[in-house]
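**Student:** Questions regarding the structure given below will be posed in turn.
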Amino acid sequence: MTWRVRSEEGLDSIYAAFFSVERDRRRKARLIMRLQSAYPLDDGLSASQRNGRKVRLHTLLKAAYEGRTIKA
């Protein structure tokens, strides 16, 4: 996941966050989302990140809940 943040000086920064999502084994209607890492992208987006398709967070969470992958 990437997002832009504008500083007080008006400069844009791009941040990347990587996480995993899985179903909770004890409670059926719950997902567990664990943040793996997050950091600023000083050099901007890579070619694969620029060409990547957008996916709604709801779509990602629903696929994780259903135990399936996202079709590219």
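**Student:** Near the amide H of Leu45, under 5 Å away, which other amide H atoms are found, from residues 5 or more places off or on another chain, if H is placed in the peptide plane?
**Tutor:** HN-HN under 5 Å from Leu45: empty list.
**Student:** Let me ask another. When only Cα pairs under 8 Å and 6 or more residues apart are kept, what is the percent relative contact order across the chain?
**Tutor:** That works out to 25 percent.
**Student:** Using θ = phi - 60° and the Karplus form 6.51 cos²θ - 1.76 cosθ + 1.60, what ³J(HN,Hα) does each residue of the range 28-45 get, whole Hz, x for Gly and Pro?
**Tutor:** Calculated HN-Hα couplings, in order: 5, 9, 10, 10, 10, 10, 10, 6, 8, 7, 8, 7, x, 9, 5, 8, x, 7 Hz.
**Student:** Please state the charge dipole magnitude for the range 2-66, taken about the Cα centre, from unit charges on C-beta atoms (+1 on K and R, -1 on D and E), reported in debye and rounded to the nearest 20.
**Tutor:** 760 debye
**Student:** Quick one: Arg23, Arg50, fewest Cβ neighbours within 10 Å first, how do they rank?
**Tutor:** Sorted ascending by nearby Cβ count, the order is Arg50, Arg23.
**Student:** Can you return the lysines within cross-link range of Lys28? Criterion is Cα-Cα under 22 Å, with same-chain partners fewer than 8 residues away left out.
**Tutor:** Straight-distance partners of Lys28: Lys62.
**Student:** Just rank Tyr15, Tyr39, Tyr65, fewest to most, by other beta-carbon atoms within 10 angstrom. Write out the running numbers ahead of the final one.
**Tutor:** Working: Tyr15 13, Tyr39 9, Tyr65 16.
By the 10 Å Cβ count, ascending, the order reads Tyr39, Tyr15, Tyr65.
The numbers here are math on the coordinates, done by the rules we state, and not lab data. Quick caveat: nothing in here was measured; it's all calculated off a predicted structure. Every residue, glycine among them, receives a Cβ derived from its backbone with ideal geometry; neighbour counts consider all protein chains shown.
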